[in-house]
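Q: My questions will all concern the structure given below.
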2 protein chains.
Amino acid sequence: MEKTAKDVCETYCIHAEKVAKLQGNLPDLSQLAKLFKVLGDETRTKILYILAKEEMCVCDIAAILGSTVSNVSHHLRLLRSASLVRCRREGKVVYYALDDRHVMNLFTEGLEHVQHLNKI
Amino acid sequence: MEKTAKDVCETYCIHAEKVAKLQGNLPDLSQLAKLFKVLGDETRTKILYILAKEEMCVCDIAAILGSTVSNVSHHLRLLRSASLVRCRREGKVVYYALDDRHVMNLFTEGLEHVQHLNKI
DNA sequence: CCTTCATTTCAACATTTGTTCAATTGTTTA
DNA sequence: TAAACAATTGAACAAATGTTGAAATGAAGG
């Protein structure tokens, strides 16, 4: 009897050894999921694409996107909370830019995956 | 008058040249956003972490996560639709595994970003 | 053929999320 | 000090999402 049902909470499992190795040993992936969740919105990916080109203020981003300043500001706050963008104030205008190199890497890696799929 | 308000839809902009360069020139980023959206859920990142270790069947994954088979199956369908995982049937059991190398790259790149933040 | 069992699908629900408009903040300039 | 203006914040709403339990597939074995 190498496999025992019902020894794990309320769910059954077929390969007890495999399960035992990982059960309770999962690292905290909540932050990683949060990062991807922030990236997982088309408006925000567009904003990142724009900021990858050059630093820009909120109202210009809104104009490019054809969206409202308020909406863009909300999205920028999320992006900032994930340290994907940073901002600096110059008088009344706030300029946003990409925060660090990882953003571009994630972006290009994601694009490669998507483009890879389109070729199939 | 190098800056004209209201010349772009209903929003104003400060730097007309910057805006003109990108307005209407944004590539289609919907697929990229969808990819990140699929990655942006803790249950799914956990599943990917598990499958990065080894191939596994649905009920084992559910046992490790302490979740229901139904729930895991739903998430696996999303992951499969994004070509992040693939599956093979062996009798009654369906085994899932990571689909291609991009997944791992995205994963490690994302983790680096998150871990980089924790050091600050 | 019927039963068993792993998985998938369906329907329903509560929660989260994106967007909008109005109100507010904070900075510059008249 | 007051007005103008870029940006942020808050409240409200519709739409999308994650989870659950029940019902339906589909493959293996008696």
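The values are calculated or read from the model by the stated rules, or taken from the named source; none is laboratory data. This structure is a prediction, so every number in the text was calculated from the model and none was measured. Glycine also receives a Cβ, built like all others from the backbone with ideal geometry; neighbour counts cover every protein chain displayed. What goes into the accessible areas is simple: the full protein's heavy atoms, side chains included, and nothing from ligands, DNA or RNA. Shrake-Rupley method; radii C 1.70, N 1.55, O 1.52, S 1.80 Å.
Q: How many residues does segment B:59-74 contain that are part of a helix (DSSP H, G or I) and either touching a helix residue (DSSP H, G or I) at 6+ places or on another chain (Cβ under 7 Å) or more than 10 Å from DNA strand C (Cβ to nearest atom) (or both)?
A: Summing the residues that are part of a helix (DSSP H, G or I) and either touching a helix residue (DSSP H, G or I) at 6+ places or on another chain (Cβ under 7 Å) or more than 10 Å from DNA strand C (Cβ to nearest atom) (or both) in segment B:59-74 gives 10.
Q: Quick one: is B:V72 at pLDDT below 95 and under 22 Å from the mean Cα position of the chain (by Cα)?
A: No; evaluated as a whole, the condition is false for this residue.
Q: Can you tell me which residue in segment A:91-108 is nearest to DNA strand D (Cβ to nearest atom), limited to those that are part of a helix (DSSP H, G or I), open to solvent by 30 Å² or more (accessible area, probe 1.4 Å) and in contact with a helix residue (DSSP H, G or I) (Cβ under 9 Å, 6 or more places away or on another chain)?
A: A:M104
Q: When you go through (1) more than 10 Å from DNA strand D (Cβ to nearest atom); (2) touching a residue at least 24 places away in the same chain (Cβ under 8 Å); (3) in contact with a strand residue (DSSP E or B) (Cβ under 7 Å, 6 or more places away or on another chain); (4) within 11 Å of chain B (Cβ to nearest Cβ) one by one for A:I50, which number turns out not to apply?
A: Only one criterion in (1) more than 10 Å from DNA strand D (Cβ to nearest atom); (2) touching a residue at least 24 places away in the same chain (Cβ under 8 Å); (3) in contact with a strand residue (DSSP E or B) (Cβ under 7 Å, 6 or more places away or on another chain); (4) within 11 Å of chain B (Cβ to nearest Cβ) is unmet by A:I50, namely (2).
Q: Could you check, for segment B:9-25, whether at least one of its residues is crowded, with 21+ Cβ neighbours inside 10 Å and in a loop (DSSP other than H, G, I, E, B)?
A: yes
Q: Applying the selection to segment B:53-90, what residues are surrounded by 18 or more Cβ atoms within 10 Å (Cβ to Cβ), farther than 26 Å from B:L32 by Cβ and more than 8 Å from DNA strand D (Cβ to nearest atom)?
A: The answer is B:M56, B:C57, B:V58, B:C59, B:D60, B:I61, B:A62, B:A63, B:I64, B:L65.
Q: Go through B:L32, B:L39, B:L48 for me and flag whichever is in contact with a Gly (Cβ under 6 Å, 6 or more places away or on another chain) and open to solvent by less than 10 Å² (accessible area, probe 1.4 Å).
A: When all the criteria are applied, what remains is B:L32.
Q: Of the residues B:R77, B:R101, B:R44, B:R89, which is free of Cβ contacts under 8 Å to residues at least 12 places away in the same chain and more than 9 Å from DNA strand C (Cβ to nearest atom)?
A: From the options B:R77, B:R101, B:R44, B:R89, the qualifying one is B:R101.
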